[in-house]
Amino acid sequence: MMILGLVRWMQPVHGYDVRRELLSWSADKWANVQPGSIYHALRKLTEEGLLRAVATEQVGARPARTTYEVTVKGADEFETLLRNSWWTISEPPDPFVAAFSFLPAMPRDEAAAALRNRANQLRAGIESMRASLDSDWVRNRKPTHVGWMFELWSARAEAEMGWCERIAERIDSGVSYLPAELDEAQGWSGWRDGAEPPGADTE
């Protein structure tokens, strides 16, 4: 969606300019658009009929640059992707959530320390975003909605920071990882605090 949208916005446009614009947005950090994949994506979108190459030019010894435009099919696809993203809540995969699901495998003191460290990293990120919001770079050199995006990221980070600190306190307090009904139930022994998983080599 990002590449289709930018080509539609800037057309006719070279792939180099699409890449430069995405990097200026830091889209590699929040939209999972990797700089090295942009030219491949442009070629793939062209093969799929969503973009068209309208010209290729070469200046001196520089690599040839292809200029792209969005096709009617590509414009329709962009509109579909855009509205799906606006109207649908989608949870991106988060490696931390996968790791947290194995909380009992971590020593309590390490788990609590890791959560507090995560909270500190989030706090530093929040302070950086707040500084950006107050900067001339955001206030006067970017569209207004860019500042609103920073507000969203800051609010999400604040919520997660508070959660990390609360859970670290609960872990430190010794709260059981299993409710009483499951503590002796078959199949849950590996989820007890500090227990070896079934089949683990204890020698």
Fraction of accessible area attributable to carbon and sulfur, the range 1-129 (%, probe 1.4 Å): 57 percent
Considering Cα pairs under 8 angstrom that are at least six residues apart, work out the relative contact order of the range 45-149 and quote it in whole percent. 13 percent
How long is the gain from LEU103 to GLU21 if the chain were fully straight, where each residue apart is worth 0.36 nm and the alpha carbon distance is subtracted? 25.5 nm
Report the extension gain between HIS145 and ARG43 in nm, rounded to one decimal, defined as 0.36 nm multiplied by the number of residues separating them, less their alpha carbon distance. 33.7 nm
Point-charge dipole on Cβ atoms (K/R +1, D/E -1) for the range 1-143, about Cα centre, debye to 20: 300 debye
To the nearest 0.05, what FRET efficiency results for ARG65 and GLN34 with a Förster distance of 22 Å applied to their C-beta separation? 0.65
Just subtract the alpha-carbon distance of ASP76 and THR56 from 0.36 nm times their residue separation and send over the number in nm, one decimal. 4.7 nm
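The values are calculated or read from the model by the stated rules, or taken from the named source; none is laboratory data. All figures in this text were calculated on a predicted structure; none of them were measured in a lab. So basically every Cβ, Gly included, is an ideal-geometry build from the backbone, and we count neighbours across all protein chains shown. For the accessible areas, the whole protein counts, side chains as well, though only heavy atoms, and no ligand, DNA or RNA atoms are used. Shrake-Rupley method; radii C 1.70, N 1.55, O 1.52, S 1.80 Å.
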